[in-house]
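Participant: Below is the structure I would like to discuss, written out as structure tokens.
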Amino acid sequence: RIRRQAVPVLYCDFRSMYPTVCTLMGLWPFVTASGIDHDDWTAEAIALLDSIALTDLQSPDFWKTLTALVQVAPGEDIFPVRASYGEGNRTIGLNYLSSHEPMWFTLADCIASKILTGKPPRIVKAIRFSPQKAQDGLRPIAIAGREDIAIDPYQDDLYSRVIELRGRVQAQEKVATASGDNAGTDRLAAYSQMLKLLANSTSYGIFAEMNVQSRDRPKEVTCHGMTGEPFDTGTKSV
């Protein structure tokens with residue numbers, strides 16, 4: 001957060017960030033669940049934000065408590081905000097935010113704001129979610145048809161399992177490269193990329209579906225967006 005000043009930095013990256021977050025939060029049971037329960041967690045969320053510290057986030061067990069949505073009354077808190085920046089392009093920035101109307105964020109967003117600002121956001125309401133028992137009739141699946149790489153939805157965490165499998169394939173790829181097996185290297189590299197895409201897409205995008213209809217000429221449509229006021233426009237993709 002130091003601007004316009006040259007300073008030494010250490011570049012850090014995450015290994016498979018989305019699958020890692022899903023595994024830490026224990027989200028795979030939500031995918032296999034026969035249903036999802038929700039409970040009022042307002043008092044617990046207020047108490048948690050009052051006492052939370054950065055060291056708490058370094059405990060893997062703590063991440064299981066993050067399956068909650070929180071309605072807050074933002075007042076100089078730092079939250080991810082989608083808005084029009086610069087030339088009118090809408091994107092997300094992590095900014096100080098105040099609002100006369102309550103807004104919903106994840107519990108993780110609220111914790112990040114507390115750590116960055118030193119004060120907890122003012123909570124209006126919090127809802128925590130928990131998975132019910134797993135669905136009946138789920139079956140193991142062999143990834144890309146390889147029986148040696150099978151995932152049991154009852155026993156395995158898909159997200160961590162796929163990343164572990166990718167690590168194994170990457171090790172095999174290095175051996176193939178060292179031995180001069182170019183065809184094997186290419187095959188294993190493609191397989192590794194497939195596992196990466198599988199892990200990231202299932203942990204990030206499978207719960208959003210877009211069915212696009214493309215047209216030769218623009219079609220008049222009414223858009224309902226974040227501003228609260230609908231507007232008419234023309235588009236070739238509906």
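Participant: Regarding the range 159-168, can at least one residue be identified that is under 24 Å from LYS64 (Cβ atoms) and modelled with pLDDT of 95 or more?
Facilitator: Looking for residues that are under 24 Å from LYS64 (Cβ atoms) and modelled with pLDDT of 95 or more, one finds none in the range 159-168, hence no.
Participant: Out of all the residues in the range 55-72, which are under 15 Å from the mean Cα position of the chain (by Cα), part of a helix (DSSP H, G or I) and surrounded by 16 or more Cβ atoms within 10 Å (Cβ to Cβ)?
Facilitator: Across the range 55-72, the qualifying residues are TRP63, LEU66.
Participant: Provide a single number: the residues in the range 162-174 that are open to solvent by 50 Å² or more (accessible area, probe 1.4 Å) and of a type in the set (D, E, K, R).
Facilitator: Summing the residues that are open to solvent by 50 Å² or more (accessible area, probe 1.4 Å) and of a type in the set (D, E, K, R) in the range 162-174 gives 3.
Participant: Now, a different point. Quick one: is ASP39 in contact with a helix residue (DSSP H, G or I) (Cβ under 6 Å, 6 or more places away or on another chain) and either closer than 30 Å to ARG161 by Cβ or assigned to a helix (DSSP H, G or I) (or both)?
Facilitator: no
Participant: May I pose another question? Looking at GLU229, GLU209, GLU147, can you tell me which residue is open to solvent by 90 Å² or more (accessible area, probe 1.4 Å), over 30 Å from SER84 (Cβ atoms) and either at pLDDT below 90 or in contact with a Phe, Trp or Tyr (Cβ under 8 Å, 6 or more places away or on another chain) (or both)?
Facilitator: GLU147
Participant: Please name all residue pairs, on different chains or six or more residues apart, with Cβ atoms under 6 Å, provided the first residue is in the range 179-206 and is closer than 20 Å to ARG161 by Cβ and the second residue is open to solvent by 60 Å² or more (accessible area, probe 1.4 Å) and among the polar types (S, T, N, Q).
Facilitator: Short answer, once both residue conditions are applied: LEU188/GLN172.
Participant: Kindly state which strands (runs of 3 or more DSSP E) lie completely within the range 84-157 and contain at least 2 residues that are more than 22 Å from LEU66 (Cβ to Cβ).
Facilitator: Those strands (runs of 3 or more DSSP E) span 89-97.
The values are calculated or read from the model by the stated rules, or taken from the named source; none is laboratory data. Here the structure is a predicted model, which means the values were calculated and not measured. Backbone-built Cβ (ideal geometry, glycine too); neighbour counts: all protein chains shown. In case anyone asks, the SASA skips ligands and DNA or RNA and just uses the protein heavy atoms, side chains included. Shrake-Rupley method; radii C 1.70, N 1.55, O 1.52, S 1.80 Å.
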